[in-house]
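Q: Okay, handing you the structure first.
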Amino acid sequence: MRQADVASGSLERFELLYKSCYQEIYAYVARRMVGSRDDAPDIVAEVFSVVWRRMDAVPCPPHDRLWLYGVARRTVLDHQRRAARKQRLESRLMANASAQRDSGPVSDPSHLRLRDAVERLRPLDREALRLVAWDGLSHAEAAEVLGCSVNAVSLRMHKAKARLKAELAAAEPPQLSPAACAPQPHQ
C-alpha cells in the first residue's frame, strides 16, 4: 500500500471518528470541567489532536469510541493537575509578594550588596536562584516554570551560588589590619 493511500485512509477514519464522537466527547469533558467549562473546547481539541497523532493506535469500532473516552479522561485529569499546580504557584507568589510589601524597603548595606550582586548574575542563573532560594520552589517546580530540565536548574543553581559568592567577595570593602588602624607616630 502506498503512503498516500494510508494517509488518505487515516484522514477518512479520523473524520468519521470526529463526526460520530465529537458531541459525546464534548459533553463528557464539559460535565467534568465544573467551574471551568470555558476550557472544554480546548480540551476536546487536545483530545482529537491526540487521536490524530495516534491514529495507528486507535482500535477498530466499537472499541474506538471507548478508547476515545480514555483519552478524554486522561486529558481532563492532566488539565486539572496543571490548573491545581498553577493555583498553588499563584498562591505562593501572592503570599511572597504580600510579605515583601509588608516588610517595606530595606536599607541594610549588606542586603543592598547582596541584591546588587544578584542583579549582576546571568539572567537564567538569577531566575533559578530567585525561584528556588527566595520563592521556595523545588528544583522540579522551578524547572517547570523555566521550561527546562531539573538537571538544568541544578546546574544553574550551582553556577549562580558560585558566581554570587565571587561577586560578594569582590564587593566586600577591604578589611584593614589592626596595625593599620593604630595611631601612627609623628615624625
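The values are calculated or read from the model by the stated rules, or taken from the named source; none is laboratory data. It should be emphasised that the depicted structure is a prediction, and the values quoted were computed from it without experimental measurement. In this analysis, Cβ positions are derived from the backbone assuming ideal geometry, glycine residues included, and neighbour counts consider all displayed protein chains. Surface areas here come from the heavy atoms of the whole protein model, side chains and all, with no ligands, DNA or RNA. Shrake-Rupley method; radii C 1.70, N 1.55, O 1.52, S 1.80 Å.
Q: Between residues in segment 13-28 that are over 15 Å from PRO61 (Cα atoms) and open to solvent by 60 Å² or more (accessible area, probe 1.4 Å) and residues that are assigned to a helix (DSSP H, G or I) and of a type outside the set (D, E, K, R), which pairs lie under 7 Å by C-beta distance while being six or more apart or on different chains?
A: TYR26/ALA40; TYR26/VAL44
Q: Open to solvent by 60 Å² or more (accessible area, probe 1.4 Å) and modelled with pLDDT under 85: is that true of GLU119 in this structure? Break it down stepwise before answering.
A: Details: open to solvent by 60 Å² or more (accessible area, probe 1.4 Å): yes; modelled with pLDDT under 85: yes.
Taking the combined requirement at face value, the residue satisfies it.
Q: Another question, if that's okay. Output the number of residues of segment 141-183 satisfying the condition of being assigned to a helix (DSSP H, G or I), modelled with pLDDT under 70 and either under 18 Å from LEU112 (Cβ atoms) or under 16 Å from the mean Cα position of the chain (by Cα) (or both). Break it down into steps so the answer makes sense when it comes.
A: Start the filter on segment 141-183 by keeping residues that are assigned to a helix (DSSP H, G or I), which leaves 141-146, 150-171, 178-181.
So of that shortlist, the ones also modelled with pLDDT under 70 come out as 171, 178-181.
Within this subset, residues satisfying the condition of being either under 18 Å from LEU112 (Cβ atoms) or under 16 Å from the mean Cα position of the chain (by Cα) (or both) are 171.
The qualifying residues number 1.
Q: Now a separate question. Quick one: count up the residues across segment 24-46 that are of a type in the set (A, V, I, L, M, F, W, C) and under 24 Å from the mean Cα position of the chain (by Cα). Lay out the reasoning, then the answer.
A: First, pick out the residues of segment 24-46 that are of a type in the set (A, V, I, L, M, F, W, C): 25, 27, 29-30, 33-34, 40, 43-45.
Those left that are additionally under 24 Å from the mean Cα position of the chain (by Cα): 33, 40, 43-45.
Summing the residues that are of a type in the set (A, V, I, L, M, F, W, C) and under 24 Å from the mean Cα position of the chain (by Cα) in segment 24-46 gives 5.
Q: So, in segment 76-88, of the ones that are at pLDDT 90 or above and of a type in the set (A, V, I, L, M, F, W, C), which residue ends up farthest from ALA27 (Cα to Cα)?
A: Checked segment 76-88; the qualifying residue farthest from ALA27 (Cα to Cα) is LEU77.
Every residue, every condition in (1) touching a Ser or Thr at 6+ places or on another chain (Cβ under 6 Å); (2) basic (Lys, Arg); (3) open to solvent by 40 Å² or more (accessible area, probe 1.4 Å); (4) not in a loop (DSSP other than H, G, I, E, B), yes or no:
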residue	(1), (2), (3), (4)
GLY35	no, no, yes, no
ASP64	no, no, no, yes
ASN96	no, no, yes, yes
VAL132	no, no, no, yes
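Q: Can I ask one more? For the structure I just gave you, tell me whether ALA45 is in a helix (DSSP H, G or I), at pLDDT below 90 and open to solvent by 50 Å² or more (accessible area, probe 1.4 Å). It would help to see each step written out before you state the result.
A: Values: in a helix (DSSP H, G or I): yes; at pLDDT below 90: no; open to solvent by 50 Å² or more (accessible area, probe 1.4 Å): yes.
Here the answer is no, as ALA45 does not meet what is asked.
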